[in-house]
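A.B. asks: For reference, the structure I am asking about is given below.
Each reported figure results from applying straightforward, stated rules to the coordinates on display, with no laboratory input. Bear in mind that the values here come from a model prediction, so they are computed numbers and not experimental data. For neighbour counting, all protein chains shown are included, and Cβ atoms are generated from backbone atoms with ideal geometry for every residue, glycine included.
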Amino acid sequence: MSDTVPSLYRGRFAPSPTGRLHAGSLVAALGSWLLARHHDGTWLVRVEDLDPPREVPGVAQQQLATLAAFGLVSDEPVIWQSTRHDAYADALSRLLDDGSAFECRCSRSDLAAVGGIHRTCVASDRTRPPAVRLRVPDGTRIAFHDGLQGEVVQDVDREVGDVVLRRADGYWAYQLAVVVDDAAQGITDIVRGADLLDSTPRQILLQRAL
Ligand code: GLU
């Protein structure tokens, strides 16, 4: 019997089934798996199938098979985001109830003049279906430490604006789903592509709001 304390490290790889895994995705998957193993932790796979118009039928299974071919198999049952609508709806209603989130009818073209950064509603058509956004107060600066990039700082109000949580077309935004699921799965550490580096501050903000 081992007398070591069980590791609390929980990592994950969370592909969107929009195309076959490319080499960069596999590097991220392998990196997250290696770190989880290094820490004697748990490694999970989550299928982020929340955007049907962008998904390619059969690709999710193909991605899982590709991972398995490299020996990368989830330590717990794979979670499919398409089965998690109730959890996202619950989180969204909590944010709406406490005033952290609000309905917004601004279109992309309404926001073009401000570079797409939402600070206040300027909707020209008040009848279109609303999106729901997280309110980002003025002066919201988030800093975090990334293992490769070092200190990362973002002024979320000026650089991102109020964050979409549910899109006007009714689909859940990646930002909401990823935060709800990382919390539900007890994820402690995230290894992913640098293209997502600038999403981390808004996800930290949302974690705090929830
Ligand atoms: N599903 C996202 C993607 O494939 C990644 C999510 C994440 O790692 O946070 O780009």
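A.B. asks: For a quick size check, give me the Cα extents of the chain along its three principal axes, largest first, whole Å.
C.D. replies: 63, 38, 31
A.B. asks: Dipole magnitude of the chain about its Cα centre, charges +1 at Lys/Arg Cβ and -1 at Asp/Glu Cβ only, in debye to the nearest 20?
C.D. replies: Approximately 460 debye in magnitude.
A.B. asks: Still on this structure: Considering only DSSP beta bridges where both residues belong to the chain, give the percentage that are antiparallel (nearest 5).
C.D. replies: 65
A.B. asks: Further, regarding this structure: So what is the 222 nm mean residue ellipticity for the chain from helices alone, if each DSSP H run of at least 4 adds -39500 (n - 2.57) and you divide by all residues, rounding to the nearest 500 deg cm²/dmol?
C.D. replies: Per the formula, -9500 deg cm²/dmol.
A.B. asks: Which order results if Val178, Val153, Val59, Val114 are arranged by neighbouring Cβ count within 10 Å, fewest first?
C.D. replies: Listed from fewest to most nearby Cβ atoms, that is Val153, Val114, Val59, Val178.
A.B. asks: Here is a further query. Hey, in the GNM for the chain with a 10 angstrom Cα cutoff, which one of Ala91, Ala60, Ala113 fluctuates hardest?
C.D. replies: Comparing Ala91, Ala60, Ala113 in a Gaussian network model of the chain, the most mobile one is Ala113.
A.B. asks: With N set to the number of residues, divide the alpha-carbon radius of gyration of the range 96-180 by 2.2 N^0.38 Å and report two decimals.
C.D. replies: 1.19
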